[in-house]
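The structure follows.
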Amino acid sequence: MTNIDHTHSLAANTWVPCEGERNDFPIQNLPWGVCEKNGIVVAICDQAVVLRKAIDDGKLQFADDIACALKDDSLNAFMSLGKDTWKHVRHELFSMLSGEPCPEVLCPIASLQLIVPAKIGDYTDFYAARNHATNVGKMFRPDSDPLMPNYLHLPVGYHGRASSIIISGSEVRRPHGQLKPDDSAPIFAPCKLLDYELEFGAFIGSGNAIGNRISMDDATEHLFGLVILNDWSARDIQKWEYQPLGPFNAKNFASTISPWIVTIDALAPFRQPGPARLEGDPAVLEYLLPMADDVFDINCCVSISSEKMRNEHVASLQLTKSSLTNLTWSFAQMLAHHTSTGCPMKSGDLIGSGTISGETKDSRGCLLELTWRGTEPFDLPDGTQRRFLLDGDELTIKAWCESDGATRIGFGACSGIILPAN
Ligand code: CA
């Protein structure tokens, strides 16, 4: 693993006080965020380095273009500087945080109003986990092969809506939409089958000019980092609208991301070969042939709580435990395919993985699959049942990486509470 260096060492330590073994943000992580008042920040334990302050105080020293990008109010300019600059800045941050203490450049994370960390120009959502695609195919097309003929040949995706991407903690309003009851004409009403989708998002760091392709050789190096993504979905709107052009209003009211971008550099110890193909799968075409370490071994889990449970301090119920190793297509393959026509990607664009479902029931990444379209409801500790999300429900996704010989790093949380339709 050529990308591993002293910043990933188990022995690395910081002068910032870090309590507890489950700390998501040890010095080996250094994820990026943006807050409303202070601009760009980097998390360390329960604190955040304010880049403007650290640069103005001379604790971090960079060439003018880098310093200017780091003092901006979004990460786009820094992302556009490319992988060598990202690594250089990571090394400088590591030196500062493991060297002479300078607590004046820190702010407690709890005091920050974190915002979407980049101006997202374009957002594309894929459908890259075959177990999710297979389950959905079985439900909606029970008489045919659950996977469409193209599924194992190319990463299927659709162009989403960047304007509705919101930060963790933002409320999610139940959408209205056109619904088609089985026994009547279409109606316009609040969505009744509101769902979540456990996904990951990849921020594009350096893009490509129109007409140029990004090849598998360096596709991962164009990625700046990853976030947790919840692609809230209105299943009843989706069912009526999706043919022939795919999802539209079912997906454009809110998609929530976690606030901290964990960089590809920080994920170096958690990369694996793959994605694995199963026996009998067709070979992928050459432009999608994976490299040796395209897969990220990231664990994720989903939990739910009702308003009543939170009021009575009842612990949330875990719904799903999954892993990014369940993706049939890697982010590198998604990016290589996306740009295979010469489609330009820009710094700050976001690509979503699609729902990350595994083979077992407890690894299904949405309620559509977990309750099998509502036919297998489950009980909450407050005595109520769920087929789909009700008003007041809070959904939280957490994610982390751990492996022998590496320090555990985490992504924090991606959560949202459902508000009634208005
Ligand atoms: Ca999705």
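Residue by residue through the stretch 180-203, note down the ones that are touching a Gly at 6+ places or on another chain (Cβ under 8 Å), over 30 Å from GLU221 (Cβ atoms) and within 16 Å of the ligand (Cβ to nearest atom).
Once the filter is applied, which keeps residues that are touching a Gly at 6+ places or on another chain (Cβ under 8 Å), over 30 Å from GLU221 (Cβ atoms) and within 16 Å of the ligand (Cβ to nearest atom), the stretch 180-203 yields CYS191, LEU193.
May I pose another question? On the basis of being away from the ligand (no atom under 15 Å from the Cβ), under 25 Å from SER340 (Cβ atoms) and charged (D, E, K, R), does ASP143 make the cut?
Working: away from the ligand (no atom under 15 Å from the Cβ): yes; under 25 Å from SER340 (Cβ atoms): no; charged (D, E, K, R): yes.
It is false that ASP143 is away from the ligand (no atom under 15 Å from the Cβ), under 25 Å from SER340 (Cβ atoms) and charged (D, E, K, R).
Can you name the residue in the stretch 364-380 that is hydrophobic (A, V, I, L, M, F, W, C) and surrounded by fewer than 18 Cβ atoms within 10 Å (Cβ to Cβ) and, of all such residues, is nearest to PHE140 (Cα to Cα)?
TRP372
Among the listed residues GLY177, GLY169, GLY157, identify the single one that is closer than 25 Å to PRO259 by Cβ, surrounded by 18 or more Cβ atoms within 10 Å (Cβ to Cβ) and either within 15 Å of the ligand (Cβ to nearest atom) or of a type outside the set (S, T, N, Q) (or both).
Answer to the check: GLY157.
Cβ-Cβ under 8 Å, sequence separation 6+ or interchain: first residue in the stretch 48-69 and under 13 Å from VAL89 (Cα atoms), partner hydroxyl-bearing (Ser, Thr, Tyr). Which pairs?
ILE66/THR85; ALA69/SER80
Sticking with this one: Being farther than 30 Å from THR220 by Cβ, within 16 Å of the ligand (Cβ to nearest atom) and not in a loop (DSSP other than H, G, I, E, B) is the filter here, so list the residues in the stretch 239-269 that pass it.
Correct list: LYS239, GLU241.
Applying the selection to the stretch 386-407, what residues are assigned to a loop (DSSP other than H, G, I, E, B) and more than 16 Å from ILE298 (Cα to Cα)? Don't jump to the end; show me each part of the working.
Step one: list which residues in the stretch 386-407 are assigned to a loop (DSSP other than H, G, I, E, B), which gives 387-393, 402-407.
Answer for the stretch 386-407, where residues must be assigned to a loop (DSSP other than H, G, I, E, B) and more than 16 Å from ILE298 (Cα to Cα): ARG387, PHE388, LEU389, LEU390, ASP391, GLY392, ASP393.
Something else now. For the stretch 124-138, name all the residues that are more than 11 Å from the ligand (Cβ to nearest atom) and surrounded by fewer than 20 Cβ atoms within 10 Å (Cβ to Cβ).
THR134, GLY137, LYS138 - these are the residues of the stretch 124-138 that are more than 11 Å from the ligand (Cβ to nearest atom) and surrounded by fewer than 20 Cβ atoms within 10 Å (Cβ to Cβ).
Here's another thing I want to ask about it. Residues to consider are MET345, MET334; find the one that is crowded, with 21+ Cβ neighbours inside 10 Å, within 16 Å of the ligand (Cβ to nearest atom) and not in a strand (DSSP E or B).
On the way: MET345 fails: within 16 Å of the ligand (Cβ to nearest atom).
Exactly one residue qualifies, and that residue is MET334.
Out of everything in the stretch 314-331 that is closer than 14 Å to TYR196 by Cβ and within 16 Å of the ligand (Cβ to nearest atom), what residue ends up being surrounded by the most Cβ atoms within 10 Å (Cβ to Cβ)?
SER322
Identify all residues within the stretch 119-144 that are modelled with pLDDT of 95 or more and in a loop (DSSP other than H, G, I, E, B); write none if there are none.
Scanning the stretch 119-144 gives LYS119, ILE120, GLY121, ASP122, TYR127, ALA128, ALA129.
The values are calculated or read from the model by the stated rules, or taken from the named source; none is laboratory data. Since we're looking at a predicted model, the values are computed, not measured. No Cβ is skipped: glycine too gets one built from the backbone with ideal geometry, and neighbour counts run over all protein chains shown.
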